[in-house]
Amino acid sequence: MKINKVSPNLLRFLLGLYVLASVGYWLSLTLSYSTAIFHPEAHVQAPFSYDNDTRVISDLQPEAKAAKVTAGATLESLNGVPYAASVWDEIINTAHPDDMMDVGFKRKDGSVGASTITFVVRKPPISGISHFLLWLQVILISGMVLGCLLMGCWVVLAKPTEGNAWLLLILLTFPSVLFVAHHGFATGLSALALEVWFQTLQLLVAPALLLFGIYFPERSRVDVKFPWLKWMILAPLFLCVAVLMPVIYGEYYGGGNNPALAHAGNLAEHAANFLDLICVLLYLALTLDKLRSASTEDARRRLRVLSVGMSIGVGALLLVFVLLPHFGISGAKKGYVWVEYAGILVFLFAPFTLVYVVLVQRAMDVRILLRMGARYALAKATLWAVQFALMAVVCVQLLLPVLGKKQPQLSDAIGPLIFFAVVLVLRIGVRKRLQKWLDRQFFREAYDAERVLNELAEEVRRYTETEPLLETVARCIAETLHVDQIAMMLRRGEYFVLQQSIGISAGGVLTLPMQSSAVRYLTNSNEPARLYRDDPDAWYLMAGTAERYALDKMNAELLLPLPGRNRMMGVMALGPKRSEAAYSSSDLKLLQALASQTGLALEVSELARSLAAEAAQRERANREMEIAREVQERLFPQEMPLLPGAQVAGFCRPALGVGGDYYDVIDLGEGRVGLAVGDVSGKGISAALLMASLRASLRGVTLDGPRDFAKLMHKVNRLVYEASASNRYATFFFASYDPATRSLESVNAGHNPPVVLRGNETIRLEADGPVVGLLPFAPYTEQAIVLEPGDVLLLYTDGISEAMTKDDEEWGEERMIVAARAAQYRSAGEVLDTIFAAADTFTAGAPQHDDMTLLVLKLES
């Protein structure tokens, strides 16, 4: 539950006001509580009790009986002033023993009476307990209450826009009115303020608990389906609050309330108590429901931790202060004081659990928390026990005999000096070593991880091969930190591509573009990036769908940059630890050092590969043209696919040894076939290389069987643009043919319009977009046509239509169509051969001035 519409600064200001009020309440009542315990002689006890609304006197003390105060009479005045609760509090809280108070009252028979009461010393609230235990009780209770309050404020300060944090603050403030009495020795407005704060917290805690159950750690499915249901509880509860506030004011300043208002107050109080019980029961029901229906494992872990912690904390209070007193075990009895102390200490499980589940980024399971806590407690307890035992031995053997002598000698000072020396050694030397030894025994995993990762950071600098380097780094991290999923992505042009992985089953190539939100964040910060999807950082919220898909496939919880000297060489993505623990600050420091060394090693490896490639290139320079032709020939389809109801034939005849024309037939899956024809600007080896890049780009973007061909052409354009010089471009046509439907979906990037021969009709597929490779971004639209039996589709380059004679007379598209119609009802191969033969006949042996490429799709009649 977020409070995004409110300024964080305003929320922090409100938090400051809340802290002033709550700490002021705690301080005032803690001082009053301490004074009542340790200095009862400075205060007087109330001589009688009375009902706040009816002012009927009851529970007469001996001093009131001696003054002839009548039980059942109505209190009318105090020291000559008309009765008001504020006047009563001011007299009682400021009076001293032996002071007197005049009381006016009206008896049941209507007669008026007056008495003068002499105050007596206030009785100690607790008796039979030593002074030390009284101090311990005050410190324990007030310290626990203040600790809860400060923990709640800390959570809100850390997450001011988190609604659950504010609900938690109210819940953690409640112990201040639960363990410390709401009355004190304040007078006037301060007494009223304390009473209002007490009543407000009493009334708010149940709604806060209900809302916490609804919204933490995720919104309840019941509230999603029935959002009005909670208001059936909260609205009447707030109405009760509206009724009770005037009643409280009337009791304190108004001299009581009239019967109607007093009756309304009683009804509101009973209704509020019933609704509070409903809130608690609903909280329990919603928590149990979320334990079964939580959408994420992290939410389920938080609920499990919360349920266990609250059960232990609240259960301890119920056991100590409700159940055990029924069996005669109470802190008020001598010998059982420790029971209350133990109950209060165990209660701290509840606030600590609340803070943990709201504040922590990624919760750990209950078993892991108990195991870690038990280990740490055992280590600390063992250490303190050893120190205490050694100091006790030294004290008994050396210090006590000296202190027991009446006239100690100078030589006797050697014993105490040895004692203090032993204490110093224990604190500085032995204690640290013993702590380190215990930590190694109980937390060996952390020490092993630190040692292994430090050694690995030094070792990776010696690697010159990329593959063994990445394999070694990934394996060591997986084994030492117990991470089941690791991905190593290296820079490849404008993308970071998955190169090495552990525990990741990716269906395709996982990439992160250079302009992705994660890469930009890692580049700018050069620091690890945590990824908690339940509470994501800004960079993840700005990530696109494809980027989130890649991160989800890698199950990334931590991203580490692999920096080189001048640029980022790669990205390391780590999944969650097997222990479900979050990555600690020490983990991040070690991993960051390892990532830096790995990045430098990758840069050295890349440089070594570059030098080796340069040397090999010199050796291949003499054979380049020879092998280029062979390579280019292999780039063209070596055999045509067999299509139901159709035939495909294609041929490219370069003007030189190699050329820039391109045609291809690609299996797109599900029976579909891709038909491509392209014409790269220029001739020779440079055009052939760009043609190869064009083919590779097309093959790459069609691996996943695309359906959006405008987007496909956009990707091809971007790849060709990045791979070619500014004066290089290519015309390009791509179509997808589905034999099942005879549907032809195509996109044309500035290429010669392909021709469909249908009987005597000629259909041209005109260009609908610019050439590829000239502009970084270009719009393309998709065309679709349904072919009919007997149709002939001609895909050609301008080397066919612009074939020239020695007199520079152009063959032309119309002659090409006439030649095609001569073989229109023959096979695709015969159509292709006929066109080439007709072109050669027309040119009559003239030198071929441009590459000639033709691809024919012939549908059977």
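Numbers below:
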{"item": "Size of charge dipole - the range 567-614 - debye, nearest 20, with Cβ of Lys, Arg +1 and Asp, Glu -1, no other charges", "result": "160 debye"}
{"item": "Debye, to nearest 20: dipole size of the range 540-667, +1 on Lys, Arg Cβ, -1 on Asp, Glu Cβ", "result": "420 debye"}
{"item": "In Å², nearest 10: area of TRP154 left accessible to a 1.4 Å probe", "result": "150 Å²"}
{"item": "Loop-located GluC sites (Glu not before Pro) in the range 584-684 whose Cβ has at most 10 other Cβ within 10 Å (DSSP)", "result": "GLU639, GLU670"}
{"item": "Computed over the range 690-749, Kirkwood Rh from alpha-carbon pairs, angstrom", "result": "12.2 Å"}
{"item": "The range 705-861: C-alpha gyration tensor shape, a/c 1.5 cut-off, then a/b vs b/c", "result": "oblate"}
{"item": "Shape category assigned to the range 638-697 from the gyration tensor of Cα positions, a/c cut at 1.5", "result": "prolate"}
{"item": "Difference of contour (0.36 nm per residue) and Cα-Cα distance, ASP99 to GLU459", "result": "121.0 nm"}
{"item": "Calculated FRET value between LYS65 and ASN266, using beta carbons and R₀ = 22 Å, to 0.05", "result": "0.15"}
{"item": "Förster radius 41 Å - calculated FRET efficiency between GLU766 and THR841, Cβ distance, rounded to 0.05", "result": "0.90"}
{"item": "Part-to-part distance (alpha-carbon centres) for the range 30-109 and the range 771-798, which is given in Å", "result": "100 Å"}
{"item": "Percent carbon-and-sulfur accessible area, the range 708-861, ignoring ligands, DNA and RNA, probe 1.4 Å", "result": "51 percent"}
{"item": "Semi-axis lengths, Å, the range 521-664, gyration tensor of Cα atoms, sqrt of 5 times eigenvalues", "result": "46, 26, 12"}
{"item": "Percent carbon-and-sulfur accessible area, the range 637-697, ignoring ligands, DNA and RNA, probe 1.4 Å", "result": "57 percent"}
{"item": "Within the range 458-564: Cβ-based charge dipole about Cα centre, in debye rounded to nearest 20 (Lys, Arg +1; Asp, Glu -1)", "result": "300 debye"}
{"item": "Modelled FRET efficiency - R0 56 Å, ALA193 with THR741, Cβ distances, 0.05 increments", "result": "0.10"}
{"item": "Percentage relative contact order, the range 474-549, counting C-alpha pairs under 8 Å, at least six apart", "result": "20 percent"}
{"item": "Gain on full stretching of the segment that runs from LYS225 to LYS108 - 0.36 nm per residue minus C-alpha separation", "result": "36.3 nm"}
{"item": "Charge-dipole axis of the range 781-861 as Lys and Arg at +1 and Asp and Glu at -1 on Cβ define it, positive-most pick from GLY799, ALA844, VAL818", "result": "VAL818"}
{"item": "Contour minus Cα-Cα distance for ASN258 and GLU479 (0.36 nm per residue)", "result": "71.9 nm"}
{"item": "Tail fraction, Cα-Cα pairs, the range 664-775, threshold 22 Å, whole percent", "result": "32 percent"}
{"item": "Whether the range 481-593 is rounded, prolate or oblate, judged on the alpha carbon gyration tensor where a/c under 1.5 counts as rounded", "result": "rounded"}
{"item": "Solvent-accessible area, 1.4 Å probe, carbon plus sulfur percent, for the range 544-586", "result": "48 percent"}
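The values are calculated or read from the model by the stated rules, or taken from the named source; none is laboratory data. On a predicted model such as this, the values are computed, not experimentally measured, just so you know. In this analysis, Cβ positions are derived from the backbone assuming ideal geometry, glycine residues included, and neighbour counts consider all displayed protein chains. For accessibility, only protein heavy atoms count, side chains too; no ligands or nucleic acids. Shrake-Rupley method; radii C 1.70, N 1.55, O 1.52, S 1.80 Å.
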